[in-house]
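Peer 1: What follows is a structure written as structure tokens; I'll ask about it next.
The values are calculated or read from the model by the stated rules, or taken from the named source; none is laboratory data. Bear in mind the structure is a predicted one, so any value in this text is a computation, not a measurement. Note: ideal-geometry Cβ built from the backbone for every residue, glycine included; neighbour counts use all protein chains shown. Only protein heavy atoms, including side chains, enter the accessible area calculation; ligands, DNA and RNA are left aside. Shrake-Rupley method; radii C 1.70, N 1.55, O 1.52, S 1.80 Å.
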Amino acid sequence: MSRDAHVRLAHAALHPDRKRSLLERYGSPGAVLAGIQRGRISVPPAARDAAAVPLSARYEMASRLGYRLLVNGDEAYPTGLGLLPDAPDVLFWKGTVPERLGVAVVGTRRCTTYGREVAVDFGAALAKAGAYVVSGLAYGIDEAAHRGTVAAGGTGVAVLGCGIDRWYPRTSADLGARVLELGGAIVSEYPPGIRPSGWRFPPRNRIISGLSAVVVVIEAAATGGALITARYALAQGREVFAVPGDVDRRSSEGTNRLIRDGAWPVFDAADLIESAGRVAEIGLGAPADPARDS
């Protein structure tokens with residue numbers, strides 16, 4: 001019953017913090033569902049209706065759309081993420097579930113040409129070293145990292161801030177499909193049909209860091225999603241790396257502050273591979289030499 005209740009509650013698509021507080025107050029997902037159905041817990045009508053849909057219809061949809069429902073505690077649920085106190089109760093997962101932690105490569109949507117090139121190089125080098133790359137498939141650094149990974153034939157995991165049946169941005173559809181073709185995965189804690197509302201993106205960053213042993217921030221302003229990911233990583237006991245940048249460039253302000261506050265500086269792809277392999281012990285291959293491989 002508990003597993004089924006977790007799946008039904010996940011389809012309500014509540015904010016993770018709201019759902020966590022409700023579970024703490026009422027004690028179980030079944031009790032939360034009962035409170036929603038009886039009107040004791042106020043949620044949007046769409047959330048109430050979604051939580052009431054029979055489980056058979058949910059599993060039929062999963063089969064039709066080609067994704068799995070992974071409940072924390074299932075054997076297939078990613079162990080490195082599942083052990084964390086803020087792990088999602090349910091993941092909507094399309095593709096392969098990796099057996100080890102990866103390397104997250106994140107950064108601002110408003111990246112420079114330099115930042116985009118570094119992200120492509122990092123994605124490719126990590127792929128060649130045998131790591132899988134975790135990011136958000138968003139504009140800018142995230143997208144560039146995934147492009148580098150797939151160009152090198154590597155494996156990536158893209159974590160969405162919307163339903164697993166939607167691409168955001170829409171231009172990422174072909175790239176996301178390529179991630180899947182190469183044995184990677186598309187992941188969300190939100191059910192199909194959920195639109196990419198702005199408030200859904202900050203919580204998804206804890207999944208990006210939770211699936212990773214190392215988080216690499218390439219470019220970031222003083223505020224934004226990449227720094228949220230870095231904060232989650234630190235809270236989860238992950239290592240944080242950052243690429244230094246011009247002191248007067250807005251897109252480098254966040255990364256330079258991370259380094260000031262103790263993040264590992266990384267200067268190129270070979271440095272990243274060496275440092276990640278040494279610090280996180282995730283079994284990466286020899287340092288890549290982009291000039292030699294090009």
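Peer 1: Criterion first (of a type in the set (A, V, I, L, M, F, W, C), closer than 22 Å to GLY95 by Cα and surrounded by 17 or more Cβ atoms within 10 Å (Cβ to Cβ)) does ALA242 satisfy it?
Peer 2: Judged against the criteria, ALA242 is not a match.
Peer 1: So, one more: Considering only residues of segment 236-273 that are in a helix (DSSP H, G or I), aliphatic (A, V, I, L, M) and in contact with a strand residue (DSSP E or B) (Cβ under 8 Å, 6 or more places away or on another chain), which is nearest to THR108 (Cα to Cα)?
Peer 2: LEU258
Peer 1: Those residues that are in a loop (DSSP other than H, G, I, E, B), closer than 14 Å to GLY95 by Cβ and not aliphatic (A, V, I, L, M), I need them from segment 166-198; list them, please.
Peer 2: Within segment 166-198, GLY183, GLY184 meet the criteria.
Peer 1: May I pose another question? If GLY82 passes every condition in (1) in contact (Cβ under 8 Å) with a residue 24 or more places away in the chain; (2) in contact with a helix residue (DSSP H, G or I) (Cβ under 9 Å, 6 or more places away or on another chain); (3) of a type outside the set (Val, Ile, Thr); (4) closer than 27 Å to ASN205 by Cβ but one, which one does it miss?
Peer 2: Every condition holds for GLY82 apart from (1).
Peer 1: Looking at segment 12-32, which of the residues that are in contact with a Phe, Trp or Tyr (Cβ under 9 Å, 6 or more places away or on another chain) and buried (at least 21 other Cβ atoms within 10 Å of the Cβ) is nearest to PHE201 (Cα to Cα)?
Peer 2: ALA13
Peer 1: Which one is surrounded by the most Cβ atoms within 10 Å (Cβ to Cβ), of the residues in segment 256-273 that are closer than 13 Å to ALA230 by Cβ and touching a helix residue (DSSP H, G or I) at 6+ places or on another chain (Cβ under 8 Å)?
Peer 2: LEU258
Peer 1: Test each condition in (1) out of contact with any helix residue (DSSP H, G or I) (no Cβ under 8 Å at 6 or more places or on another chain); (2) surrounded by 18 or more Cβ atoms within 10 Å (Cβ to Cβ); (3) modelled with pLDDT of 95 or more for ASP174 and report the one that comes out false.
Peer 2: Every listed condition holds for ASP174 apart from (2).
Peer 1: Any residue in segment 54-77 that is of a type in the set (Val, Ile, Thr) sitting within a Cβ distance under 7 Å of a residue that is open to solvent by 70 Å² or more (accessible area, probe 1.4 Å) and assigned to a helix (DSSP H, G or I)? List the pairs, counting only those 6 or more apart or interchain.
Peer 2: Hits for this filter: VAL71/ARG3.
Peer 1: In segment 212-235, what count of residues is obtained for those that are part of a loop (DSSP other than H, G, I, E, B), surrounded by fewer than 24 Cβ atoms within 10 Å (Cβ to Cβ) and in contact with a helix residue (DSSP H, G or I) (Cβ under 6 Å, 6 or more places away or on another chain)?
Peer 2: Counting residues in segment 212-235 that are part of a loop (DSSP other than H, G, I, E, B), surrounded by fewer than 24 Cβ atoms within 10 Å (Cβ to Cβ) and in contact with a helix residue (DSSP H, G or I) (Cβ under 6 Å, 6 or more places away or on another chain) gives 2.
Here's the yes/no breakdown for (1) in a loop (DSSP other than H, G, I, E, B); (2) modelled with pLDDT of 95 or more:
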{"site": "LEU70", "(1), (2)": "no, yes"}
{"site": "TYR77", "(1), (2)": "yes, yes"}
{"site": "GLY80", "(1), (2)": "no, no"}
{"site": "ASP86", "(1), (2)": "yes, no"}
{"site": "TRP93", "(1), (2)": "no, yes"}
{"site": "VAL97", "(1), (2)": "yes, no"}
{"site": "ARG100", "(1), (2)": "yes, no"}
{"site": "ALA104", "(1), (2)": "no, yes"}
{"site": "ARG109", "(1), (2)": "yes, no"}
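Peer 1: Only one of these conditions is not met by ALA125: (1) open to solvent by 10 Å² or more (accessible area, probe 1.4 Å); (2) more than 18 Å from ALA226 (Cβ to Cβ). Which number is it?
Peer 2: Only one criterion in (1) open to solvent by 10 Å² or more (accessible area, probe 1.4 Å); (2) more than 18 Å from ALA226 (Cβ to Cβ) is unmet by ALA125, namely (1).
Peer 1: From the list ALA291, ALA213, which residue is over 14 Å from the mean Cα position of the chain (by Cα), among the aliphatic types (A, V, I, L, M) and modelled with pLDDT under 95?
Peer 2: ALA291
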